[in-house]
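> Dropping a structure here in structure tokens format, bear with me for questions.
The values are calculated or read from the model by the stated rules, or taken from the named source; none is laboratory data. Keep in mind that this is a model prediction, so the values were computed, not measured. With ideal geometry, Cβ positions are generated from the backbone for all residues, glycine too; neighbour counts draw on all protein chains shown.
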Amino acid sequence: MNFQDAARAYFRKALGVSTGSYAELATRYWKGKLDGTITEGPSEISSDNISDATTVGKSLIKASDAAAARTAIGAADAATVADLVSRVQALESAEG
């Protein structure tokens with residue numbers, strides 16, 4: 001199952017409908033999320049069901065918070081970046 005098929009199945013389940021294009025279903029779903037008429041979605045669609053997702057992409061989908069998402073994509077946290085910038089600036093100042 002590719003991403004659009006998985007998303008379409010998710011949207012159909014959340015909306016309680018059996019047909020609809022990806023664009024139509026996505027629009028209806030997100031409008032419902034924004035106006036509060038849809039509070040939850042189905043839970044049986046998982047990243048493991050998406051055949052065209054990479055391992056990193058699946059890990060990102062499963063991330064429980066921002067720190068886990070950064071870990072999934074191999075990104076540093078803000079404190080690490082700030083520390084690296086500070087060290088580079090100190091080296092540049094020392095060089096004159």
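> In region 1-20, which residues are touching a residue at least 12 places away in the same chain (Cβ under 8 Å) and not aromatic (Phe, Trp, Tyr)? It would help to see each step written out before you state the result.
Taking region 1-20 as the starting set, the residues that turn out to be touching a residue at least 12 places away in the same chain (Cβ under 8 Å) are 1-4, 6-15, 20.
Hits for region 1-20 are 1, 2, 4, 6, 7, 8, 9, 12, 13, 14, 15, 20.
> Given the structure, is residue 39 hydroxyl-bearing (Ser, Thr, Tyr) and either modelled with pLDDT under 85 or not in a helix (DSSP H, G or I) (or both)?
yes
> Pairs needed: first member in region 63-83, over 24 Å from residue 47 (Cα atoms); second member anywhere, part of a helix (DSSP H, G or I) and of a type in the set (Lys, Arg); C-beta distance under 8 Å; at least 6 residues apart or different chains.
From residues that are over 24 Å from residue 47 (Cα atoms), the pairs are 77/70.
> I'd like the residue in region 11-35 that is in a loop (DSSP other than H, G, I, E, B) and among the small types (Gly, Ala, Ser) and, out of all such residues, is farthest from the chain's Cα centre (by Cα).
18
> Oh, and also: Applying the selection to region 21-46, what residues are surrounded by 16 or more Cβ atoms within 10 Å (Cβ to Cβ) and closer than 27 Å to residue 73 by Cα?
26, 45
> Between 93, 86, 18, 59, which is loosely packed, with under 12 Cβ neighbours inside 10 Å and within 23 Å of residue 1 (Cβ to Cβ)? Give the derivation first.
Numbers: 93 fails: within 23 Å of residue 1 (Cβ to Cβ); 86 fails: within 23 Å of residue 1 (Cβ to Cβ); 59 fails: loosely packed, with under 12 Cβ neighbours inside 10 Å.
The match here is 18.
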